[in-house]
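Notes follow the structure.
The values are calculated or read from the model by the stated rules, or taken from the named source; none is laboratory data. Small disclaimer: the values here were computed from a predicted structure and weren't measured. As a convention, Cβ positions derive from the backbone with ideal geometry for all residues, glycine included, and neighbour counts pool all protein chains shown. Heavy atoms of the whole protein, side chains included, go into the accessibility calculation; ligands, DNA and RNA do not. Shrake-Rupley method; radii C 1.70, N 1.55, O 1.52, S 1.80 Å.
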Amino acid sequence: MLIWDLFKMALRSLVTHKLRTFLTALGIIIGVASVISMISIGEGARRQTLSTISKFGTNIITVKPGQQKSRHVTTGKVDTLTLDDADFIEENISLITGVAAQVYRSAQLKFENKNTNTTVRGTGASYARLANFEMDRGRYFNKEEIRSAKRICVLGSTVLKNLFEGRNPLGKTIKVDGKNFLVIGTTVPKGALSWFDPDDQIFIPVTTAQKRVFGMDHVQSIDVQADQIDDLEIIKEDISRILRQKHNIAEGKEDDFYVQNSSQWLNSWGDAAKTFTYLLGGIAAISLMVGGIGIMNIMLVSVTERTREIGIRKAIGAKKKEILQQFLIESVLISFLGGGIGILLGIGISRIVSDLGDWETVVSTQSILLAFGFSVAIGVFFGFYPANKAANLNPIEALRYE
Amino acid sequence: MIEVENLSKIYQMGGQQVAALAGVDFKIEKGEFVAIMGPSGSGKSTLMNLIGCLDLPSSGTYRLEGLDIQDLKPNQLAEVRNRRIGFVFQSFNLLPRATALENTELPLLYGRVPKSTEIALQALERVGLAHRAKHKPTELSGGERQRVAIARALVNSPAIILADEPTGNLDSATGKEIMDLFQELNEEAVTLILVTHEQEVAQQARRIMQMKDGKIIADTSNGAGSC
């Protein structure tokens with residue numbers, strides 16, 4: 001018997017029992033649809049997070065005062081880093097392309113009759129480049145203006161919207177905690193993360209911030225940009241070494257600063273999101289498994305029901321292999337059908353989730369192939385036992401079966 | 001064509017050995033029309049299963065067209081059933097969802113015979129059912145169903161056609177039609193072996209073998225032959 005004839009026979013038997021076929025396939029449909037939609041949601045979340053995080057630059061090393069006890073807990077003195085340290089790093093570390101010290105604090109802004117509360121960030125001249133801020137209008141301040149602690153500022157797009165409502169702010173003067181600042185530039189919007197809007201801040205020279213606004217002489221962090229992402233570890237070690245020397249820290253004593261990089265953050269976020277994806281995919285895979293058991297169940301019923309048919313086929317010369325193939329093709333067809341419908345349903349679900357939930361979803365070809373291959377494999381795996389049972393029936397007994 | 005020597009079949013039943021067939025010998029030549037008779041339990045079904053290559057003997061030899069059947073593997077037996085044997089059953093045993101033509105074609109498909117549809121149609125024509133080719137068994141009368149079964153048995157030009165109580169489920173008029181068809185086929189040199197417990201049916205054969213307790217107790221040629 002040619003495979004094509006077996007295929008036609010299997011198809012006919014499935015068409016004869018439409019409802020049964022559909023209900024059997026339903027397990028696979030739900031399984032595949034959930035695998036695809038779950039993975040697309042997980043993958044979407046991962047990509048969204050990674051892309052927003054990488055907007056802040058992935059080759060940045062951050063030096064902060066105090067000691068980091070765990071990822072989120074810092075202890076120790078907060079005033080151990082100074083602008084001097086930033087300059088010292090810039091002069092003594094190789095393989096870097098920029099250093100920017102920062103101080104930041106929330107402050108009240110005022111322009112004409114409009115008020116807003118925002119983060120005021122005092123930075124070095126290279127901060128815009130390091131933090132991936134592009135200029136929309138005007139320019140960022142330069143080293144000379146930092147040295148002379150000029151009262152000038154660059155506005156983030158959210159602040160621009162709140163204070164100026166789309167009017168050109170260049171050359172205008174705003175009040176920061178009551179002190180006049182000249183607006184010299186605005187930045188291109190980066191887009192907000194759910195917990196943090198990088199556009200809701202203004203940038204002023206770090207020296208101005210220290211002396212004229214916040215009244216402090218330390219800095220809150222120093223960002224260092226590595227030329228090559230591969231050099232991050234070496235640079236981190238170098239920074240630690242020279243800062244320990246500069247701060248006169250005796251051997252065996254703890255650092256009064258700590259060094260971290262954003263790619264660590266990125267990796268741990270990526271890992272977390274990946275785990276999330278695997279978890280969702282795993283749950284979905286279990287439902288696919290249950291669907292497979294459903295196929296096996298129905299195929300066993302079908303074999304019993306068709307014992308006589310199997311007997312007839314064997315009597316007129318069907319070989320064991322041909323009976324096995326016939327039933328295997330049936331179960332694979334069911335899972336194939338279920339897989340196909342499940343893929344469409346899964347894509348539909350992830351579309352709906354991304355439309356309604358304002359949540360990016362990514363249906364990858366990989367997940368479709370995975371789900372489809374898995375469902376066909378389940379058809380073969382769970383179809384084999386019933387098909388084998390059919391193939392091994394004794395023709396005499398099968399013919400006698402009522 | 002058929003040579004059976006000391007053929008026996010022993011079943012294990014609850015620790016006891018039961019000889020369903022206790023050593024039979026006979027020969028059947030090409031073109032013969034043989035009826036095997038006997039009460040139930042006489043071993044005629046067992047003999048039929050062995051001749052039909054559905055089962056293997058416990059001992060003895062069975063040679064079909066020079067082929068030693070008792071030495072064959074299951075797949076080879078399936079091939080022998082497919083090419084050399086046609087079955088006609090009491091309860092027709094057609095596939096309910098397939099048309100008459102598809103039922104008739106089935107042995108050709110398993111045998112991978114080319115132009116199977118044409119050959120199947122010719123076989124249906126031979127039993128006078130070409131006009132019902134597209135009908136399903138449920139749309140056919142009992143007599144018509146048995147004709148389809150006979151067409152299916154004929155379609156591979158087998159060495160023998162084995163009929164097990166072919167008229168058992170038919171009324172006497174239809175049963176007679178079927179027996180007439182068998183007569184016609186026999187006249188066209190088809191070898192027929194008929195298993196029955198009805199004297200009337202057996203009388204249509206040219207040779208009658210009587211069985212009892214797993215043995216052939218009489219093997220007589222039936223002069224009348226036809227009706």
- Would you please name the residue that is nearest to the chain's Cα centre (by Cα), looking only at residues in region A:190-225 that are of a type in the set (D, E, K, R) and not in a loop (DSSP other than H, G, I, E, B)? A:D223
- Query: What pairs can you find where one residue is in region A:376-396 and in the same structural domain as A:G294 (by TED's automatic domain parsing), the other is in a loop (DSSP other than H, G, I, E, B), and their Cβ atoms are less than 8 Å apart, with a gap of 6+ or different chains?
  - Reply: A:A390/A:R306; A:P395/B:L54; A:I396/B:L54; A:I396/B:D55
- Message: When you scan region B:56-72, do you find a residue that is facing chain A (nearest Cβ under 10 Å) and in contact (Cβ under 8 Å) with a residue 24 or more places away in the chain, even just one?
- Response: no
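Across region A:226-239, what is the number of residues that are crowded, with 16+ Cβ neighbours inside 10 Å and assigned to a helix (DSSP H, G or I)?
In the first step, residues of region A:226-239 are kept if they are crowded, with 16+ Cβ neighbours inside 10 Å; the result is A:226, A:231-232, A:235-236, A:238-239.
From the residues that got through so far, the ones that are assigned to a helix (DSSP H, G or I) too are A:231-232, A:235-236, A:238-239.
Number of matching residues: 6.
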- Quick check: anything in region A:253-276 open to solvent by 90 Å² or more (accessible area, probe 1.4 Å) and in a loop (DSSP other than H, G, I, E, B)? yes
- Task: Considering (1) part of a helix (DSSP H, G or I); (2) modelled with pLDDT of 90 or more; (3) open to solvent by 70 Å² or more (accessible area, probe 1.4 Å), say which one B:A151 fails and leave the rest.
- Result: (3)
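Keeping to region B:15-36, report how many residues are open to solvent by less than 10 Å² (accessible area, probe 1.4 Å) and within 29 Å of B:E187 (Cα to Cα). Write out each step before concluding.
So in region B:15-36, the residues open to solvent by less than 10 Å² (accessible area, probe 1.4 Å) come out as B:21, B:24, B:28, B:33-36.
With within 29 Å of B:E187 (Cα to Cα) added as a condition, the list becomes B:24, B:28, B:33-36.
Total meeting the criteria: 6.
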- Query: Given the structure, is A:V159 in a strand (DSSP E or B), on the phi < 0 side of the Ramachandran plot and either surrounded by 17 or more Cβ atoms within 10 Å (Cβ to Cβ) or of a type in the set (F, W, Y) (or both)?
  - Reply: no
- Quickly run through region A:91-106 and pick out the residues that are over 23 Å from A:K175 (Cα atoms) and of a type in the set (S, T, N, Q). A:N92, A:S94, A:T97
- Residue list for region A:119-145, filter: open to solvent by 20 Å² or more (accessible area, probe 1.4 Å) and among the aliphatic types (A, V, I, L, M): A:A125, A:M135
- Task: Confirm whether A:D199 is acidic (D, E) and open to solvent by 10 Å² or more (accessible area, probe 1.4 Å).
- Result: no
- Checked region B:79-135 for anything charged (D, E, K, R), more than 9 Å from chain A (Cβ to nearest Cβ), assigned to a loop (DSSP other than H, G, I, E, B) and without any contact (Cβ under 8 Å) to a residue 12 or more places away in the chain; matches are B:K115
- Message: Anything in region A:280-325 that is of a type in the set (A, V, I, L, M), in a helix (DSSP H, G or I), within 13 Å of chain B (Cβ to nearest Cβ) and open to solvent by less than 10 Å² (accessible area, probe 1.4 Å)? List them, or say none.
- Response: A:I310, A:I312, A:A315, A:I323
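Counting just the residues of region B:55-78 that are among the hydrophobic types (A, V, I, L, M, F, W, C) and assigned to a strand (DSSP E or B), which one comes out least open to solvent (accessible area, probe 1.4 Å)? Explain how you work it out, then say what you get.
First pass over region B:55-78, keeping only residues among the hydrophobic types (A, V, I, L, M, F, W, C): B:56, B:64, B:67, B:69, B:72, B:77-78.
After this cut, where a residue has to be assigned to a strand (DSSP E or B) as well, the list is B:64, B:67.
On the way: B:L64: 0, B:L67: 56 Å².
Checking each candidate, the answer is B:L64.
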- Task: Working only within region B:147-181, note down all residues that are within 22 Å of B:A120 (Cβ to Cβ), more than 11 Å from the chain's Cα centre (by Cα) and either away from chain A (no Cβ under 14 Å) or among the hydroxyl-bearing types (S, T, Y) (or both).
- Result: B:R147, B:S157, B:E177, B:I178, B:L181
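Counting only residues that are assigned to a loop (DSSP other than H, G, I, E, B) and among the charged types (D, E, K, R), which one in region A:328-387 is surrounded by the fewest Cβ atoms within 10 Å (Cβ to Cβ)?
Here is the first cut: in region A:328-387, the ones assigned to a loop (DSSP other than H, G, I, E, B) are A:357-364.
From what is left, the residues that are among the charged types (D, E, K, R) are A:358, A:360.
Values: A:D358: 7, A:E360: 18.
My answer is A:D358.
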